[in-house]
Amino acid sequence: MTGNAAVALYEFRHELGYTQAVLAKKAGLAKSTIVRIETGIMNPRLETLQQIADSVGAHVELKFVR
């Protein structure tokens, strides 16, 4: 999930036109958390991704695909 979350968050943030610092502030997270997720260093909890999504009026979808 780390790689997919990293790419998804990076692309989502760019679609919003936000810097890592701006998104982190909106979500009430440290900038380093956004950096670690986007670089694949951190495997984010679903709750963290939902917190980010909530902060910008979005939602998280989790899919199982075969």
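The values are calculated or read from the model by the stated rules, or taken from the named source; none is laboratory data. Treat the numbers as computed from the prediction; the structure is a model and nothing was measured. With ideal geometry, Cβ positions are generated from the backbone for all residues, glycine too; neighbour counts draw on all protein chains shown. The protein model used for the area step is the full one, side chains on, heavy atoms only, and it has no ligands, DNA or RNA in it. Shrake-Rupley method; radii C 1.70, N 1.55, O 1.52, S 1.80 Å.
Quick notes on this structure:
- Each residue, ALA58 and GLU11, gets one label point 7 Å from its Cα in the Cβ direction; the gap between the two is 1.0 nm.
- Surface exposure of the chain, expressed per residue as accessible area with a 1.4 Å probe, stands at 70 Å².
- At most 12 other Cβ within 10 Å, DSSP loop - trypsin sites (Lys or Arg not before Pro), the range 3-54: ARG45
- Per residue, the convex hull spanned by the alpha carbons of the chain comes to 79 Å³.
- Residues of the range 40-66 with amide N under 19 Å of a point placed 7 Å along Cα→Cβ from TYR18: 40-62
- DSSP-assigned coil residues among GluC sites (Glu not before Pro) in the chain, each with at most 16 further Cβ atoms within 10 Å: GLU61
- Surface share of carbon and sulfur [accessible, 1.4 angstrom probe, percent] for the chain: 54 percent
- Where only DSSP H runs of four or more residues are counted, the chain gives -18500 deg cm²/dmol as its mean residue ellipticity at 222 nm, each run worth -39500 (n - 2.57).
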